[in-house]
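S.K.: Shown below is the structure under consideration.
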Amino acid sequence: MFGDISQATIFFLILAAFSAGLVDAIAGGGGLIQLPALLIGLPQVSTVEVLGTNKVASIFGTSASALMYRRSVKTDAKFLASMAIPAFIGSVLGALSASKIPTQSMRPIVFILLVAVAIYTWRKPDLGAIELLRHDAKKRFSISALAGVVIGFYDGIFGPGTGSFLMLTLIYLGFAFLSASAIAKVVNVSTNLGAILVFGFHGAIIWQVALVLAIANIVGGLMGARLAISGGSTLIRKVFLLVTLALIVKVGIDTVTNW
C-alpha cells in the first residue's frame with residue numbers, strides 16, 4: 001500500500017494524525033483534522049476504508065490520553081461502565097447501519113445541535129468550572145446510559161461532534177470540564193472499538209496506514225492530555241468552544257454543498 005503513496009503524503013498524514021491526537025485529548029474533535037486529511041491523502045481509497053482506517057488510528061491516541069487522564073483524574077468506575085458499555089453497543093449498531101442510512105440527512109440536525117452547544121457553553125462562563133454533581137446516582141447512571149447508546153450510535157454511523165456531545169452531557173450532569181474530558185475519552189475508546197469491530201469484519205481497514213498514523217496519534221494524545229491536565233477546566237473549555245465552532249463551520253459547509 002505504501003508503494004502507492006508518496007513520502008510527502010505520508011508526512012502530511014502523520015502530521016495530521018499528531019495534530020488530531022493533540023486536539024482530541026484536550027476537548028475532542030480530532031476527527032475534524034484526521035478524517036479530512038485521510039480523504040484528501042487517499043483519494044483512491046473507498047470512503048468506508050477511510051472511515052475504518054481513521055477509527056483504528058484514533059483509538060490508539062484516545063486510549064493513550066484516556067490512560068493518562070485516569071492517572072491524574074479519579075472517576076467512578078461504575079459510572080464509566082454505565083456510559084461506555086451502552087456507547088459500545090450503540091456504535092456497533094451505528095456502524096452496521098452506516099451503509100443503509102444516508103448521512104447527508106443528519107447534517108442539518110447535527111449543525112443545529114452544535115450551534116446550540118456552542119451558544120449554551122459561551123453564555124455560561126462558569127459552566128464546568130467546578131464539579132457539582134446533579135441528580136442522585138441512579139438517575140445519573142440512567143441518563144449516562146441513554147446518552148451513551150445514542151451518541152455511540154451516532155459515532156458509528158456519522159461521527160463529527162461526538163466528543164462535544166459527550167462533554168456536554170457530562171457537564172450537564174455536573175462534572176467539571178477536566179473530569180468530563182477524562183470520562184469522555186474512555187467512552188470514546190468504546191465507541192471507536194465498536195466501529196472497528198464492524199469495519200474490520202468487513203475488511204474495511206488499511207492496517208499499514210492505520211498503524212503508522214496510530215503512533216503519531218498516540219504522541220499527540222499524550223501531549224494533549226498533559227496540556228489539559230496542567231491547564232485544567234479553563235483551558236479545556238476554551239479549546240472545547242474552538243473545536244465546536246470549527247465543527248459548526250465544517251458541518252455547515254457540508255450541509256450546504258450536499259443539500
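The values are calculated or read from the model by the stated rules, or taken from the named source; none is laboratory data. None of the values given here were measured: they were computed from a predicted structure. Please note: Cβ atoms are built from the backbone with ideal geometry, for glycine as well, and neighbour counts cover all protein chains shown.
Here is a yes/no grid of residues against (1) under 19 Å from residue 187 (Cα atoms); (2) modelled with pLDDT under 90; (3) under 12 Å from the mean Cα position of the chain (by Cα):
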{"site": "31", "(1), (2), (3)": "yes, yes, yes"}
{"site": "41", "(1), (2), (3)": "no, yes, no"}
{"site": "46", "(1), (2), (3)": "no, yes, no"}
{"site": "52", "(1), (2), (3)": "yes, yes, no"}
{"site": "62", "(1), (2), (3)": "yes, no, yes"}
{"site": "73", "(1), (2), (3)": "yes, yes, no"}
{"site": "76", "(1), (2), (3)": "yes, yes, no"}
{"site": "82", "(1), (2), (3)": "yes, no, no"}
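S.K.: Applying the selection to the stretch 77-101, what residues are part of a loop (DSSP other than H, G, I, E, B), surrounded by fewer than 16 Cβ atoms within 10 Å (Cβ to Cβ) and either without any contact (Cβ under 8 Å) to a residue 12 or more places away in the chain or not β-branched (Val, Ile, Thr) (or both)?
M.R.: 99, 100
S.K.: Another question about this same structure. Among 119, 143, which is at pLDDT 85 or above, under 20 Å from residue 251 (Cβ atoms), out of contact with any Lys or Arg (no Cβ under 6 Å at 6 or more places or on another chain) and of a type in the set (A, V, I, L, M, F, W, C)?
M.R.: Just a single option satisfies the conditions, and that option is 119.
Yes/no matrix, rows are residues, columns are (1) within 17 Å of residue 114 (Cβ to Cβ); (2) of a type in the set (D, E, K, R); (3) not in a loop (DSSP other than H, G, I, E, B):
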{"site": "130", "(1), (2), (3)": "no, no, no"}
{"site": "134", "(1), (2), (3)": "no, yes, no"}
{"site": "152", "(1), (2), (3)": "no, no, yes"}
{"site": "164", "(1), (2), (3)": "yes, no, yes"}
{"site": "189", "(1), (2), (3)": "no, no, yes"}
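S.K.: Please determine, by comparing only the residues of the stretch 55-76 that are crowded, with 17+ Cβ neighbours inside 10 Å and polar (S, T, N, Q), which one is nearest to residue 202 (Cα to Cα).
M.R.: This residue is 58.
S.K.: Looking only at the stretch 166-210, count every residue that is under 20 Å from residue 154 (Cα atoms), free of Cβ contacts under 8 Å to residues at least 40 places away in the same chain and surrounded by fewer than 23 Cβ atoms within 10 Å (Cβ to Cβ) and tell me the total.
M.R.: Of the residues in that region, 3 qualify.
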